[in-house]
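Read the structure below first, then the notes.
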Amino acid sequence: MVVLVHYRNGQVLCLPPAGAGLWRDAAATGRLDRIPPGLATRLLTAGLLTPTTSPTPWSAPLIAKSATASWGSAEHPAGAARPAATRTSTAAAAAAALAVVLATTRLGSRSAAMYRITTMIRSALSICRRPATPEQAEAAVLAVRRVGWYSPARTACLEESAASVLLLASRRLSATWCHGVAPDPIRLHAWVQTGDGAPVAEPPSTLAYTPTLTIGGRHQHLP
């Protein structure tokens, strides 16, 4: 299976094994005649393919981490624990960072929200002078998580991770923002990690995700 993520309009499309094979063949040759007309039209309409005057091969899909067979017996924690309290000054800065992220997602076309978020993260990281330590990064994530607990608006992994990067950037500290996919079942997640690739304040299940877009790290996948 191939999961296609369009980071400009936020669309996600999953291709089953047969379609995934056709996508790989088309990527190697740049020829759309390898893809059935109906599927090709859908991909072009979604912006996941771009018309050209001549065949132009593109990068093959990233290979995701294999999922461990669970046979339906895997357990996942339900609900969320209230984050620990943080200093008033830190909480105020975290709230401001989260407010900026929430405004960015809502001001403008909904389909371009992901693009606006990633552009904002790149801009914020461009002013950073040094990488955050694991302790600094964790403190930022937990502070955002704490204020997000009281937010009346949606504060999920995308908003939380973006606000954490902004909070660190306000102190000229950088961290790596990641967005990735995990199989069985297919799911998407956004998180922050340190320079050595360690997820910050994340459960072990985050290691099952393969980053498809990273911003701020030494290794960067571009959409």
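The values are calculated or read from the model by the stated rules, or taken from the named source; none is laboratory data. The structure presented is a predicted model; accordingly, all values stated were derived computationally and were not measured. Heads up, the Cβs are rebuilt from the backbone with ideal geometry, glycines too, and the neighbour counts pull from every protein chain shown.
Tell me the residue from Gly30, Gly47 that is within 26 Å of His189 (Cα to Cα) and either out of contact with any strand residue (DSSP E or B) (no Cβ under 6 Å at 6 or more places or on another chain) or of a type in the set (Gly, Ala, Ser) (or both), please.
It is Gly47.
Do we find that Ala112 is modelled with pLDDT of 85 or more, small (Gly, Ala, Ser), within 30 Å of Leu22 (Cα to Cα) and surrounded by fewer than 18 Cβ atoms within 10 Å (Cβ to Cβ) in this structure? Talk me through it step by step, then tell me what you get.
Working: modelled with pLDDT of 85 or more: yes; small (Gly, Ala, Ser): yes; within 30 Å of Leu22 (Cα to Cα): yes; surrounded by fewer than 18 Cβ atoms within 10 Å (Cβ to Cβ): yes.
Yes, satisfied.
Within the range 107-120, does at least one residue satisfy the condition of being within 20 Å of Pro199 (Cβ to Cβ), touching a Lys or Arg at 6+ places or on another chain (Cβ under 7 Å) and assigned by TED's automatic domain parsing to the domain that holds Gly195? Within the range 107-120 (the criterion being within 20 Å of Pro199 (Cβ to Cβ), touching a Lys or Arg at 6+ places or on another chain (Cβ under 7 Å) and assigned by TED's automatic domain parsing to the domain that holds Gly195), the answer is no, since none of the residues qualifies.
Remark: pairs (first residue in the range 13-30, surrounded by 15 or more Cβ atoms within 10 Å (Cβ to Cβ); second residue assigned to a helix (DSSP H, G or I) and modelled with pLDDT under 85; Cβ separation under 6 Å; 6+ apart in sequence or on different chains) = Leu22/Arg34; Ala26/Arg34.
At least 3 residues that are touching a helix residue (DSSP H, G or I) at 6+ places or on another chain (Cβ under 6 Å) and within 30 Å of Ala46 (Cβ to Cβ) in each: list the helices (runs of 4 or more DSSP H) lying fully within the range 109-223 that qualify.
The qualifying helices (runs of 4 or more DSSP H) are 113-125, 157-169.
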